[in-house]
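J.: Can you read through this structure? Questions will come right after.
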Amino acid sequence: MKTTLSIIKADIGSIGGHIKPSRKLLESVREFVNNNGKGLIDDLYVSHTGDDIALLFTHQKGTENEDVHKLAWDAFVAGTEVAKEQGLYGAGQDLLKDAFSGNVKGMGPAVAELEFEERPNEPFLFFAADKTDPGAYNLPVFLAFADPMFCSGLMLSPSMAKGFKFTIMDVGYTEGDRIIELNAPEDLYDIAALLRDNERFVIESIHSRNTGEIAASVSTTRLHNIAGKYTGKDDPVMLVRVQGSFPATGEVLAPYSIGHYVAGFMRGSHTGPLMPLRINSPVSYFDGPPMVSCHAFCVHNGNLTEPADAFDHPFWDYVREKVSRKAIELREQGFSGVAMLPYSELEYGGIVEKMKRLDKLFKVRG
Ligand code: F6R
Ligand code: MG
Ligand code: MG
């Protein structure tokens, strides 16, 4: 029997701006799934990262299952009613379509799913990021699965000796899923050449080349491309199986010590360092900094253990200080140059109008 892990996540309203969902909202979503998911899902874990609520389901229905996706959609619709009743800010923000149609992909919520035959013990990590987009995972996932400087298992473990296959999506293409499959280590430079562009090319999934098994799945939604205008950042989720023929938990976590600069932050329009935070953390400085949390679980016969909070350790306090410094250093130059995203990535249409108006005022001196 195969187990499926499905993370479906959406921003359906929050307290005090885009800080965090209310307790009542989280409770209402949990209750909806508990009341309506019987016979469909095996287990549920509800959490938030910044203003986003993530539902982690275990079930046996496989990926992209209509009933499972509909359950999440309906839970978010029901939650939106509570968000409206409470007057939460941005109620229903990520629900971009009026009616559910088969799959929540392309409707606003972010989705990451893994289907696999459980190992006798099955540890996995669930990452959730806020105030950034799916390309934020490019660098840390590349380093964890392809660089022996971060993943010593690539040198030391025979079960990882063949490396990993990267499936990368061109998220600039909106007619369908445009993907490429490349193998590490042979195609390392090609993988790097694509992944340097976090806004265009995004890791979708990783497979072990030793066993063929799926190792990781990332949500690749770009809300910008669905709505054609600013509706919030994409705030990506990711599932990663760890240990054995996959990188160890610590190898997957290690690259987050960099605090690399990603797109997002205030109004989804700036550059900021990605801060690894404790689970259920709120948003703060300059509507950020861009943040990532990590729940570590084991799943057995479809049942989840309680999570361990992977970034809740004194080591990460030190990293958070470094990332705070990096955030302030870049923020000191405000809107200038690399501190703000290029024109094509700015999430507010207002600037387009402004530029059109200014364009007419330019004169070419004779
Ligand atoms: C970024 C984000 C915030 C908002 C900002 C303005 O993802 O959610 O930075 O862009 O708080 O919010 P609005 O436009 O809703 O007033
Ligand atoms: Mg968010
Ligand atoms: Mg939001």
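J.: For the chain, what is the mean residue ellipticity at 222 nm derived from helices alone (per DSSP H run of n ≥ 4: -39500 (n - 2.57); sum divided by total residues; nearest 500 deg cm²/dmol)?
T.: Computed ellipticity for the chain at 222 nm equals -8000 deg cm²/dmol.
J.: Give, rounded to the nearest 20 debye, the magnitude of the charge dipole that the chain has about its Cα centre when Lys and Arg contribute +1 at Cβ and Asp and Glu contribute -1 at Cβ.
T.: 1200 debye
J.: Out of Met155, Phe265, Ala254, whose Cα points farthest toward the positive end of the dipole of the chain (charges: +1 Lys, Arg; -1 Asp, Glu; placed on Cβ)?
T.: Phe265
J.: Can you pick out the pairs among Lys24/Lys131; Lys20/Lys322; Lys97/Lys363 whose Cα atoms lie more than 32 Å from each other?
T.: Lys97/Lys363
J.: Now for a separate question. Select from Ala54, Ile7, Leu88 the residue farthest towards the positive end of the dipole of segment 6-113; place +1 on Cβ of Lys and Arg, -1 on Cβ of Asp and Glu, and compute about the Cα centre.
T.: It is Leu88, whose Cα lies furthest towards the positive end.
J.: Considering only the other residues whose Cβ falls under 12 Å of the Cβ of Ser245, what net charge follows from Lys and Arg at +1 and Asp and Glu at -1?
T.: Cβ neighbours under 12 Å give a net charge of +3.
J.: Considering the chain as a Gaussian network with a 10 Å cut-off on Cα pairs, which listed residue, Arg23, Arg209, Arg267, attains the greatest mean-square fluctuation?
T.: Arg23
J.: Find how many whole Å separate the alpha carbon centroid of segment 94-167 from the alpha carbon centroid of segment 1-51.
T.: Result: 19 Å between the Cα centres.
J.: Which of the lysines could be linked to Lys2 by a straight reach, that is with a Cα gap under 27 Å, when you skip same-chain ones fewer than 8 residues away?
T.: Filter leaves Lys38, Lys61, Lys70, Lys105, Lys162, Lys165.
J.: Determine the gain in length on full extension of the stretch Glu118-Glu329; use 0.36 nm per residue of separation and subtract their C-alpha separation, reporting nm with one decimal.
T.: 71.4 nm
J.: Can you list the HN-Hα couplings for segment 160-169, worked out from phi with the Karplus curve (6.51, -1.76, 1.60; θ = phi - 60°), rounded to whole Hz and with x for Gly and Pro?
T.: 10, 4, 7, x, 10, 9, 9, 9, 10, 9
J.: Among rounded, prolate and oblate, which fits the chain when a ≥ b ≥ c are the square roots of the eigenvalues of its C-alpha gyration tensor, a/c under 1.5 means rounded, and a/b larger than b/c means prolate?
T.: Taking the square roots of the gyration eigenvalues as a ≥ b ≥ c, the chain is oblate.
J.: Let me ask something else. Among Leu143, Leu156, what is the fewest-to-most ranking by other Cβ atoms within 10 Å?
T.: Leu156, Leu143
Where a number appears in this text, it was derived from the coordinates with a stated rule and is not lab data. Nothing here was measured: the structure is a model prediction, and the numbers come from that model. Positions of Cβ are generated from backbone atoms using ideal geometry, with glycine treated the same way; all protein chains shown enter the neighbour counts.
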